[in-house]
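Right, one structure below, let's go through it.
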Amino acid sequence: MSLHLRPGSVVFENITKKYGVVTAIDDVSFSIEPGHLVTLLGPSGCGKTTTLRMIAGLEHPTNGRVIIGGKDVTSLPATDRDVSMVFQSYALFPHMTVAENVGYGLSVSGLGKQETGERVEEGLELVGLAGYGQRLPSELSGGQQQRVAVARALVLEPEVLLLDEPLSNLDAKLRRKVREEIRDLQQKLGLTAVYVTHDQEEALAVSDRIIVMNRSVIAQEGTPRELYEKPASSFIADFIGDANLVEGEIVATHSPNEATVRIASLQCNLPDRGLAAGPVKIAIRPDCVLLEKASPELKGIKGNIIHATYLGNQIHYTIDSALGELFVVDYRIDRAITAGSDISMTFASRGMALLAS
Amino acid sequence: MGAEGGKFVRAAFLPWLILGWVGFAVLPWYLVEDGFWAFQWLIDGYPLDSDYAPALVQAALGNVWLFPLLLPLLAPLFIIRKTKTDPDYARVLIISGGFGFAYLLAQGFIVGISGWEYTALENLFGPMNSRQYGMGYGALLTATGFLVLFTSGLAAAGSLRGDVFVTSAIGIVIALVATFVFLPVGKVLISAFISESGTYAFAAFGENFFTRKIWGLACITTTASCGVAWNSLFLALLTGVSTTLLGLAFALVATRTDFRWKKSLRTLTVLPIITPPFVIGLALILLFGRAGTITQFVSDLLGVEPGRWLYGLPGIWLAQTLSFTPIAFLVLIGVVEGVSPSMEEASQTLGASRWNTFKRVSLPLMRPGLANAFLIGFIESMADFGNPMVLGGNYEVLSTEIFFAIVGAQNDQGRAAVLAILLLCFTLSAFFAQRVWLGKKSYTTVAGKAESGAHAGMNPLLRNICLGVTLPWAAFTLAIYGMILFGGFVISWGRDHSLTLQHYSNAFSVDWAEHGLHWEGTAWDSFWTTITISAIAAPLTAALGLLTSFLLVRQKFRGKNLFEFGTMLSFAIPGTVIGVSYILAFNVPPFELTGTGVILVLCFVFRNMPVGVRGGIAAMTQLDKSLDEASLTLGANSLTTLRRVILPLLRPAIVAALVYSFVRAITSVSAVIFLVSADHNMATSYIIGLVENGQYGIAIAYSSVLIIVMLLAIFLVQRAVGERKLRRDNRLEATSAKSKSLKEKQA
């Protein structure tokens, strides 16, 4: 590997971005360590792409500082930043061959023909497209075009690689393969990468850390596991994996950090997450709601199945109960319960979390 | 290609400073009488002769007001070692560039041929013995240098993300549009308020404005003619309606019937672009004039006296309808096609008949397009000069009246200016109405790409009406063009129909004389002038138009709407108004251009630029913005991005802009007729002269040669610029087709 990467850190300091009266980013701060892949995740319009474009230098913040690799680059345009980007549409230049595309950045920065050629070769080899140099982008498949875009960004040896929804134009099966390739490449080269997506599964799969954004601010930041297991809010619980949000009450708290929680007629012990006794919201993952056909001796919460949908390896139920309408995923195909049946529910505590808000 | 990193930005302004110095200290500052490019001045006493001296010498020779220009030329030398981030860098460039540019312009306007231009200054400083003429290449280079120093300073201070190229491009386009669009139009406005004694007076305007010649309504009750304003308005309304209805009929035939030759209907749309505007009128004279074929035939048949009905409203209306129907067709075919088939299918599945579907679904959806077509017909008719000139008779319209006010015995600039303002008001109102409609268009017609389904067929009656109207009309149009090609080969139309090549040999004979090839024909002079000037104007127009569209589509800056308005304004200004305004603005220093070829080039560039802008915008909005952004994040600056990514993808738009501006320069009459001179006569004004002398044979022969030359030029440009090397990229191909048709719409 002869790419000489100097992965850089990215720091956002109190960044605000306004378009006229609309605030796209509201006082956001975070930092990304060198060599990490961090995902900006959120629903559309949350400001994640604007954030990425501000790292690239394609947008400039209204307030705050952007620091890349220890240098304040807030006022530098994209041209002068040591950052490369892979676009959602790949943005391959359709009138240039694959080799010309990959070599474009090198040639505009004044590198000689021969060296450019050598590094283009290396770049294409890196993404497994050696020998494709003379083709036009339109002669490649979607996945190959995507890899050309990655090679084009990498040959410039950027401090930070930005990826804007790189998988959204690929079909579902290819997506998993390509995201693994991207992750492998990033880890092999020790790249700092910032990855934007609205797909929570994709984010969980590729990231070292995830920054979840919602309505122009950061909703929560953490490792994939932290976000899934300890959602800070009902938004996060619902956005990362599905969740049923139910009302309950903390009856008592005990050390170390445990709380006894009552949900309707059930009681269980959960990590208290710093909450005091009183009413509380609880997120329950759909696969952690356990259903049994109702019978008098069961002490679970009573409910009725409104819908049952068979999906091959799992069954989705919609339950009407005292807690409201609940969504349940059940993998016990052989014990399917028909719609209209009365049931009794219990919860598995591994899929429950108390929410602060 | 320099590295755009932080290392080499030091003194990036240096080339522009040198340019300023070259203009100031090397080249002749003032206009060189015999032409700069003749280089006669080099041996005629340069650099000390006051006609040819550079500014530095001029200042020493007595034009002392040029000395202060040294300051802004010297100041930037002090920051040559500073970097872009140094606050002094931006400050010095902004101040010296801004001051230099402003001072250079101001001294040009203040000191004229007879010293002080303003009596107030004369009273203040006493009379001045020195004088100066129009600015020349020296002043031009220095002014450009100052302007770019100024914009470089602004960029260094952070405007437009510090992008020097974009900032400078905006600055230059603004300066050009201000000088060659706003200044002339402003001059027209001002001179409308100048009385014959030369003082400003509203009375002068009122006197010229409220006369019976303009607003008279005598024609309603008597046989006398109405005022020119009413004449123009009435004619424009008639033409707008007739072209729209005919255009709609053609569009329906082309899209909703299985008519066999409907594809060849599309070639009709090329015709008005390559036809000089008066040629239709000329052909009509050959058919319907007193000696015309059909007139003779009918009078022999029925024994009636040949009439002069053609000369006047009927003739102009007929000629304009023939000329502008293809444009309406072009506008409407897009609209008719744009009506989503699924809407028509929906209507039919809901039980509506074909007639009801057309009346209640398709037609309302086309309404904005119809309004747009009408307004274009209206504007074109208002601005048309050639046909009223050839066929007008006693029917006077604004565009010809303006011409006669300037050129005729009256030579009344004030009156011409008032008429020009009136005409401008009419076209501008129509132009804005059109823009409002255009804006709504996108909401009402649906242009879904992935939609399948067929358009509903037409109800048989409607179909027959459309075919019944369009087929004879198409035949008529063909006959007219046949006439144009054939008319040049007969001795004297209507009298002696024997075939001859005499007209062609008169106009275009070539002889081998002792000095080699000798261009003997009478037309060669104006022909070569026309070709040269059009060939110079075309690339300039295309470059300026595409650059402007790049700024409009791809850059965000304050005042962009105003910028767009300014660049599009000249599109709504009729040629006669442009002609008058150029005469008024560029007859005196500091811009003394009348009688030169330069003024013709400038006139073409700024008249046709809006079309390049529109075409560029249409093409560029179809290019994904992430292509530019990718280029920027890969380290290219905006100039490199434009050159290596955008321009190669815009080839079809470039072809269209080149062809269009070349062809428009050749066919233009209305503005040109004011600006030609003995040395620089254009083909069209030469032909008009022939028509006025009744030499129809040569006029027609010359016109056909022009048409052939233009067809050839279209072919050659297409070959030269070439195709893009893109396979399987339908989206971009769609772009090219779109931008081309848009261009043609503007014709």
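The values are calculated or read from the model by the stated rules, or taken from the named source; none is laboratory data. Just so we're clear, the structure is a prediction, and the values are computed from it rather than from any experiment. Positions of Cβ are generated from backbone atoms using ideal geometry, with glycine treated the same way; all protein chains shown enter the neighbour counts. Quick note on the areas: whole protein, heavy atoms, side chains included, nothing else; ligands and nucleic acids left out. Shrake-Rupley method; radii C 1.70, N 1.55, O 1.52, S 1.80 Å.
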(Q) Per-residue Cβ counts within 10 Å, from other chains only, averaged over A:87-93: what number is that? (A) 6
Q | Charge dipole magnitude, Cβ of K and R +1, D and E -1 - chain B, Cα centre, debye nearest 20 | A | 3300 debye
Q: On the protein heavy atoms, probe 1.4 angstrom, tell me the percent of accessible surface of chain B carried by carbon and sulfur.
A: 64 percent
Q.
With the crude spin-label approximation of a point 7 Å out along Cα→Cβ, what separation in nm comes out for B:Asn459 versus A:Leu298?
A. 6.7 nm
Q. Which one of B:Gly516, B:Phe604, B:Leu286 is farthest out on the positive end of the charge dipole of chain B, using unit charges on Cβ (Lys, Arg +1; Asp, Glu -1) and the Cα centre as origin?
A. B:Phe604
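Which value, in debye to the nearest 20, gives the size of the charge dipole of the protein assembly as shown about its Cα centre, when Lys and Arg are +1 and Asp and Glu are -1 at the Cβ? Walk me through the numbers before you get to the answer.
Working: 84 positive and 85 negative charges, 330 e Å.
Roughly 1580 debye, rounded to the nearest 20.
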Q.
Leaving out ligands, DNA and RNA, and with a 1.4 Å probe, what % of the accessible surface on the range A:131-255 is carbon or sulfur?
A. 43 percent
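So for B:Lys625, A:Lys230, B:Lys262, what's the accessible-area order with a 1.4 Å probe, most first?
Working: B:Lys625 85, A:Lys230 115, B:Lys262 60 Å².
Descending accessible area places them as A:Lys230, B:Lys625, B:Lys262.
If you count, for every residue in A:95-102, the Cβ atoms of partner chains within 10 Å of its Cβ, what is the mean?
Numbers: counts 11, 5, 1, 0, 0, 1, 2, 1.
Mean partner-chain Cβ count within 10 Å for A:95-102: 3.
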Q. Any idea of B:Glu401's accessible area? Nearest 10 Å², probe 1.4 Å.
A. 10 Å²
Q | Label-point gap, in nm, between B:Thr532 and B:Arg131 - each point 7 angstrom along Cα→Cβ | A | 2.9 nm
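Determine the order of B:Trp41, B:Trp116 by accessible area, beginning with the largest, at a probe radius of 1.4 Å.
Values: B:Trp41 10, B:Trp116 50 Å².
Greatest to least solvent exposure: B:Trp116, B:Trp41.
Per-residue Cβ counts within 10 Å, from other chains only, averaged over A:104-114: what number is that? Don't skip to the end; give the middle numbers.
Details: counts 8, 6, 2, 6, 12, 8, 7, 2, 0, 0, 0.
That works out to 5 on average.
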**Q.** Residues B:Ser114 and A:Glu33, FRET efficiency given R0 of 60 Å [Cβ-Cβ distance, rounded to 0.05]
**A.** 0.20
Q. Which FRET efficiency, nearest 0.05, do B:Val436 and B:Thr349 yield, Cβ-Cβ r, R0 35 Å?
A. 0.55
Q | Helical contribution to [θ] at 222 nm, DSSP H n ≥ 4, -39,500 (n - 2.57), averaged over the protein assembly as shown, rounded to 500 | A | -16000 deg cm²/dmol
(Q) Summing both sides, how much accessible area is buried between A and B? Use a 1.4 Å probe and give Å² to the nearest 100. (A) 2700 Å²
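Relative to the present Cα-Cα distance, how much length would full extension add between B:Trp524 and B:Leu237 at 0.36 nm per residue of separation?
Working: separation 287, 0.36 × 287 = 103.32 nm, distance 3.93 nm.
Here the answer is 99.4 nm.
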Q) Helix B:683-692 sits at what angle to the longest principal axis of chain B, using alpha carbons and giving 0 to 90 degrees rounded to 10? A) 50 degrees
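Just need the relative contact order of chain B here, percent rounded to a whole number, with Cα pairs under 8 Å and 6+ apart. Intermediate results must be reported in sequence, preceding the final value.
Values: 1161 pairs, mean separation 111.5, N = 747.
Computed over chain B, the figure is 15 percent.
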Q. Per-residue accessible area for A:Ile301 at 1.4 Å probe radius, Å² rounded to 10?
A. 10 Å²
Q: Report the FRET efficiency, 1/(1 + (r/R0)^6), for A:Ser138 and A:Leu266, where r is their Cβ-Cβ distance and R0 is 56 Å, rounded to 0.05.
A: 0.40
Q: Choose one of B:Ala371, B:Thr576, B:Thr532: the residue whose Cα lies farthest towards the positive end of the charge dipole of chain B (beta-carbon charges +1 Lys, Arg; -1 Asp, Glu; about the Cα centre).
A: B:Ala371
(Q) Given the whole protein assembly as supplied and a 1.4 Å probe, what does the accessible area of B:Trp230 come to in Å², nearest 10? (A) 90 Å²
Q: From largest accessible area down, sort B:Tyr395, B:Tyr702; use a 1.4 Å probe on the protein chains.
A: B:Tyr395, B:Tyr702
Q) How far apart, in nm, are two points set 7 Å out from the Cα along the Cα-to-Cβ line at B:Lys625 and at B:Lys213? A) 5.3 nm
Q. Cα axis of helix B:293-302 to longest principal axis of chain B: angle in degrees, 0 to 90, nearest 10?
A. 30 degrees
Q. Listed here are the pairs A:Lys18/A:Lys71; A:Lys18/B:Lys560; A:Lys48/A:Lys113; A:Lys18/B:Lys84; B:Lys359/B:Lys560; A:Lys173/A:Lys281; which of them are more than 29 Å apart at the Cα?
A. A:Lys48/A:Lys113; B:Lys359/B:Lys560; A:Lys173/A:Lys281
Q: Positive end of the charge dipole of the protein assembly as shown (Lys, Arg +1 and Asp, Glu -1 on Cβ, about the Cα centre): tell me which of B:Leu74, B:Ser342, B:Tyr504 has its Cα farthest that way.
A: B:Ser342
Q) Mind checking the angle between helix A:113-126 and chain A's longest principal axis? C-alpha axes, 0 to 90 degrees, to the nearest 10. A) 20 degrees
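Taking the Cα centre as origin and putting +1 on Lys and Arg beta-carbons and -1 on Asp and Glu beta-carbons, what dipole magnitude results for the range B:549-681, to the nearest 20 debye?
380 debye
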